Amino acid sequence: MTDEAYMTLALSLAKRAKGFTHPNPTVGCVVVKNGKIVGRGFHEGAGKPHAEVVALSQAGKEAQGSILYVTLEPCTHFGRTPPCTDAILRYGVKRVVVAVEDPNPLVGGKGIKRLKEAGLEVTVGVLEEEARLLNEDFFTYVSKRRPYITLKLAQSADGKIATLSGNSKWISSEDSRRYAHKLRSEATAILVGINTVLKDNPSLTIRHFPSPRQPLRVVLDPNLRIDPSLKIASSSEARTLLFHRKRDKKKEEALSSRGVELIALEDFSLGNILEELYRREVVHLLVEGGAKTVSSFLKSGLWDRMIIFQAPKLIGDGISIGDLGVRSVREAKKMKLRRTFKIGQDIVAEYIPLF
């Protein structure tokens, strides 16, 4: 097998824990001795052994003189766990193949440098593009110091996300909604505006995809209109963080008693909200609408990926994405279509911005 083949296996291992490792990146590792795989592993979550340590522990004595394939540069600093470079040297690995350097300033080439200085052969850049895509949320979180932001929409073939009365259940198919729960599993937090909460009374939990944890639920409610009896105000299934501007001591106490964490902001801006979420180690933020909330992110240019589920239905007069401040076609927000695929009769399109 080639370096690319072994790295492909390491990437597939990493994908098993996609979204479960935050604030850490998703990493997979394979250890090979004399053309035979003697160890494999992936990082399961913050505080748990890193992929290299899992794979090396499985390889044991066979790791001596082996080749280690890892999807992200091994760390060389003490965090929640000891440095992976120490384990690589201790087990006697002779060559390390790295897909991509770690953008974290605590690592940033230091792991590769240490291994080279110790006499190991180090190859960097094998399936680099695939490895960057796997951890694009982590790379954005580190480089931009804010969460990676995915916008999710379900719309009709004529671009409506709801009828004029506000009804949107259900535009997309049941299979598409199941896939949406996979998207939730990859996110650290799910964000909605108060209109969605009042209209749909959502749980915002993962129910149709296996997940070891529930994402943080984030609600934007500047005027504190939320009803404490709604599902999202219960802490029994997942934690809820609510941003507001208006103060109402009685309602705040009622919400707090149900486990809701409240943050009052005098300057109720997306920048301040994202700054707080970054501080709380929210690596990947999934924005589920509705129109006003999604359009606010689009107008601010604060997004990294948009996923649109388009159903083969026509609504006619209805609610679309909202005012983006575009007054001529030349002012239209430009995007790049990254991929499309079908789920049943629905078409799923994934876009990234062209700023």
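The values are calculated or read from the model by the stated rules, or taken from the named source; none is laboratory data. Note that this is a predicted model, so its numbers are computed, not measured. Here Cβ is always computed from backbone atoms with ideal geometry, including for glycine, and neighbour counts include all displayed protein chains. These area figures cover heavy atoms from the full protein model, side chains too; ligands, DNA and RNA do not enter into them. Shrake-Rupley method; radii C 1.70, N 1.55, O 1.52, S 1.80 Å.
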**OP:** Binning at 5 Å from 0, report for the range 17-176 what percent of all alpha-carbon pair distances ends up in each bin.
**Re:** 2, 9, 16, 19, 16, 10, 7, 5, 5, 5, 4, 2, 1, 0
Original post:
Want the number for I263 to W170: 0.36 nm per residue separation, take away the alpha-carbon distance, what's left?
Top reply: 30.3 nm
**OP:** Give the accessible surface of the chain per residue, rounded to a whole number of Å², with probe radius 1.4 Å and ligands, DNA and RNA excluded.
**Re:** 47
Original post:
Expressed in nm to one decimal, what extension gain is obtained for the pair K116 and K313 from 0.36 nm per residue of sequence separation less their Cα-Cα distance?
Top reply: 65.1 nm
Original post:
Which distance in nm do the two modelled labels at L354 and R213 give, with both placed 7 Å along the Cα-to-Cβ direction?
Top reply: 3.7
Original post:
So what is the calculated 222 nm ellipticity per residue for the chain, using -39500 (n - 2.57) for each DSSP H run with n of 4 or more, over all residues, to the nearest 500 deg cm²/dmol?
Top reply: -8000 deg cm²/dmol
Subject >> Percentage relative contact order, the chain, counting C-alpha pairs under 8 Å, at least six apart >> reply: 16
**OP:** Could you check how much of the accessible area of the chain is carbon and sulfur, as a whole percent, using a 1.4 Å probe?
**Re:** 50
Subject >> Whole-number D in µm² s⁻¹ for the range 2-80, Kirkwood Cα-pair radius fed into Stokes-Einstein, 37 °C, 0.692 mPa s >> reply: 265
Subject >> Calculated FRET efficiency for the pair K249/H181, C-beta based, R₀ 45 Å, to 0.05 >> reply: 0.80
Original post:
Which of the chymotrypsin sites (Phe, Trp or Tyr not before Pro) found in the range 23-96 are loop residues per DSSP with 10 or fewer other Cβ atoms within 10 Å of their Cβ?
Top reply: F78
Original post:
What is the antiparallel percent of DSSP beta bridges lying wholly in the chain, to the nearest 5?
Top reply: 40
**OP:** Using Cα centres only, tell me the gap between the range 136-171 and the range 246-290 in whole Å.
**Re:** 19
Subject >> Full-stretch length increase - E331, M1 - with 0.36 nm per residue and alpha-carbon distance subtracted >> reply: 113.8 nm
Subject >> the range 190-261, relative contact order in percent, only Cα pairs under 8 angstrom and at least six apart counted >> reply: 32
Original post:
Once both labels are modelled 7 Å past Cα along the beta-carbon direction, what's the N201-E136 spacing in nm?
Top reply: 3.7
Original post:
To the nearest 10 square angstrom, what accessible area does L265 show with a 1.4 Å probe?
Top reply: 30
Subject >> Loop sites in the range 242-308: trypsin sites (Lys or Arg not before Pro), DSSP, at most 11 other Cβ within 10 Å >> reply: R247
Original post:
When the Karplus curve 6.51 cos²θ - 1.76 cosθ + 1.60 is applied with θ = phi - 60°, which whole-Hz ³J(HN,Hα) does each residue of the range 87-98 get, with x for Gly and Pro?
Top reply: 5, 4, 5, 5, 7, x, 5, 9, 9, 10, 10, 10
Original post:
If r is the Cβ-Cβ distance from R90 to D323 and R0 is 51 Å, what FRET efficiency results, to the nearest 0.05?
Top reply: 0.30
Subject >> Computed magnitude of the charge dipole of the range 66-153 (debye, nearest 20; Cβ of K, R +1, Cβ of D, E -1) >> reply: 300
